[in-house]
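Report on the structure given below.
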Amino acid sequence: MSTPSILVLNGPNLSRLGRREPAIYGHRTLQDINRDLAAGFPDVTFDFFQSEDEGAIIEKLYGFEDGGSRTGVVLNAGALTHYSIALRDAIAAVSVPVVEVHLSNVHAREEFRRTSVISAVCLGVVGGFGEESYRLGVRALLAHAAGGGRQ
Ligand code: DQA
């Protein structure tokens, strides 16, 4: 099998991890999380991207798919999760599998966070496990690529 290729895509305000509401999101930066994720999966080729901009995220998703044979995307869309029909349509438009992840348990927080407009077009959803959510997302994509999990 060729080297797995995974895009870790983070949306608005995740650039502020470490400083942003640490009681909810912890003290580690996105750079810390990305570095440890890559170290934990030495056989995976990672592409890391974060933007505050919905359009840039959508363009990155298309660019990743267009780049060739891809294993999948681990996506923490931040608040876009709850309202971005444009992002939902972009996920539906690509054939590369996307796993929705969240650091926090969005179902245990404000009511508006319980709605995700992207879940239905994602392979699955992982949330509430802090940075472990990203690792679980990667594992789910690798299992899917190997023929396991949901088809
Ligand atoms: C988040 C949850 C979202 O509701 C929020 O808007 C975020 C982060 C999470 O990782 O827990 O920005 O996606």
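Every condition in (1) away from the ligand (no atom under 16 Å from the Cβ); (2) among the aliphatic types (A, V, I, L, M); (3) within 18 Å of S5 (Cβ to Cβ) holds for A90 except the one numbered (3).
Being over 17 Å from L136 (Cβ atoms) and surrounded by 14 or more Cβ atoms within 10 Å (Cβ to Cβ) is the filter here; which residues of segment 1-13 pass it?
The initial filter retains those residues of segment 1-13 that are over 17 Å from L136 (Cβ atoms), namely 1-3, 5, 11-13.
Within segment 1-13, S5, G11, P12, N13 meet the criteria.
Restricting attention to segment 1-25 and to residues that are more than 10 Å from the ligand (Cβ to nearest atom) and assigned to a loop (DSSP other than H, G, I, E, B), the residue that is farthest from the chain's Cα centre (by Cα) turns out to be M1. The set of residues from segment 33-58 being within 22 Å of V117 (Cα to Cα), in contact with a Ser or Thr (Cβ under 9 Å, 6 or more places away or on another chain) and of a type in the set (D, E) comprises E52, E54.
For segment 92-129, which residues satisfy the criterion of being touching a Gly at 6+ places or on another chain (Cβ under 6 Å) and surrounded by fewer than 19 Cβ atoms within 10 Å (Cβ to Cβ)? N105, the sole residue that qualifies.
Out of curiosity, is T81 more than 24 Å from G128 (Cβ to Cβ) and either modelled with pLDDT under 95 or near the ligand (Cβ under 10 Å from one of its atoms) (or both)? Outline the logic, then answer.
Numbers: more than 24 Å from G128 (Cβ to Cβ): no; either modelled with pLDDT under 95 or near the ligand (Cβ under 10 Å from one of its atoms) (or both): yes.
Judged against the criteria, T81 is not a match.
How many of the residues making up segment 125-151 are at positive phi and touching a strand residue (DSSP E or B) at 6+ places or on another chain (Cβ under 9 Å)? Step through it out loud before you land on a result.
Our first condition is that a residue be at positive phi; within segment 125-151, this holds for 128, 130, 147, 149.
Cutting the leftovers down to touching a strand residue (DSSP E or B) at 6+ places or on another chain (Cβ under 9 Å) gives us 128, 149.
Qualifying residue count for the region: 2.
Tell me which residues, restricted to segment 70-108, are among the charged types (D, E, K, R) and touching a residue at least 60 places away in the same chain (Cβ under 8 Å). Correct list: R70 only.
Applying the selection to segment 84-142, what residues are part of a loop (DSSP other than H, G, I, E, B), among the polar types (S, T, N, Q) and within 18 Å of E54 (Cβ to Cβ)? Even if it seems obvious, please write down each step before you answer.
Pass one, segment 84-142, residues part of a loop (DSSP other than H, G, I, E, B): 84, 94-97, 103-105, 109-110, 115-118, 122-123, 128-131.
If we keep only those that are among the polar types (S, T, N, Q) too, we end up with 84, 95, 104-105, 115-116.
Once the filter is applied, which keeps residues that are part of a loop (DSSP other than H, G, I, E, B), among the polar types (S, T, N, Q) and within 18 Å of E54 (Cβ to Cβ), segment 84-142 yields S84, T115, S116.
Identify all residues within segment 38-87 that are surrounded by 20 or more Cβ atoms within 10 Å (Cβ to Cβ) and out of contact with any Leu (no Cβ under 9 Å at 6 or more places or on another chain); write none if there are none. Passing the criteria: only S84.
For V138, the conditions (1) touching a helix residue (DSSP H, G or I) at 6+ places or on another chain (Cβ under 6 Å); (2) surrounded by 20 or more Cβ atoms within 10 Å (Cβ to Cβ) all hold with the exception of (1).
The values are calculated or read from the model by the stated rules, or taken from the named source; none is laboratory data. As the structure is a computational prediction, the values presented were derived from the model and not from experiment. Here the Cβ is made from the backbone with ideal geometry for all residues, glycine too, and neighbour counts use every protein chain on show.
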